[in-house]
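Have a look at the structure below, then the notes.
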Amino acid sequence: MNTSSDSVMTVKEVAEYLRVNQRTVYRLAVERRLPGFKVGANWRFKRGDIEGWISAQSTAALPADEANAHGEGKDT
């Protein structure tokens, strides 16, 4: 599998990368909670978009005090 951030991944590859079920990837994509696009009837995902999504999820999961300690909270 190509590791460049522009490489395109399938549902199966994203599921393996995230270590979740393929149905979870499909459901998140359909709900537009995971960045992806369709080619015909098949979902595809850019590796860089998935990595950005992971970073955003990690940041969103931080408690407010911890995010502020890391400089990721609101500027005051």
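The values are calculated or read from the model by the stated rules, or taken from the named source; none is laboratory data. This structure is a prediction, so every number in the text was calculated from the model and none was measured. In this analysis, Cβ positions are derived from the backbone assuming ideal geometry, glycine residues included, and neighbour counts consider all displayed protein chains. Only protein heavy atoms, including side chains, enter the accessible area calculation; ligands, DNA and RNA are left aside. Shrake-Rupley method; radii C 1.70, N 1.55, O 1.52, S 1.80 Å.
Could you list all residues from region 3-25 that are assigned to a helix (DSSP H, G or I) and aliphatic (A, V, I, L, M)?
Taking region 3-25 first, the residues assigned to a helix (DSSP H, G or I) are 11-18, 22-25.
If the condition is that a residue be assigned to a helix (DSSP H, G or I) and aliphatic (A, V, I, L, M), then VAL11, VAL14, ALA15, LEU18, VAL25 are the ones that fit.
Within region 5-21, does at least one residue satisfy the condition of being open to solvent by less than 60 Å² (accessible area, probe 1.4 Å), touching a Ser or Thr at 6+ places or on another chain (Cβ under 9 Å), at pLDDT 95 or above and not acidic (Asp, Glu)?
Yes: region 5-21 contains one or more residues that are open to solvent by less than 60 Å² (accessible area, probe 1.4 Å), touching a Ser or Thr at 6+ places or on another chain (Cβ under 9 Å), at pLDDT 95 or above and not acidic (Asp, Glu).
So which pairs qualify, if the first residue must be in region 13-36 and touching a residue at least 12 places away in the same chain (Cβ under 8 Å), the second must be in a loop (DSSP other than H, G, I, E, B) and open to solvent by less than 100 Å² (accessible area, probe 1.4 Å), the Cβ gap must be under 6 Å, and the two must be at least 6 apart or on different chains?
These pairs meet every condition: ALA29/GLY36.
Taking region 32-45 only, how many residues are open to solvent by less than 90 Å² (accessible area, probe 1.4 Å) and closer than 19 Å to GLN57 by Cα? Outline the logic, then answer.
So the first thing to find is which residues in region 32-45 are open to solvent by less than 90 Å² (accessible area, probe 1.4 Å), and the list is 34-37, 39-45.
Okay, now just the ones that are also closer than 19 Å to GLN57 by Cα, so 34-36, 45.
The total comes to 4.
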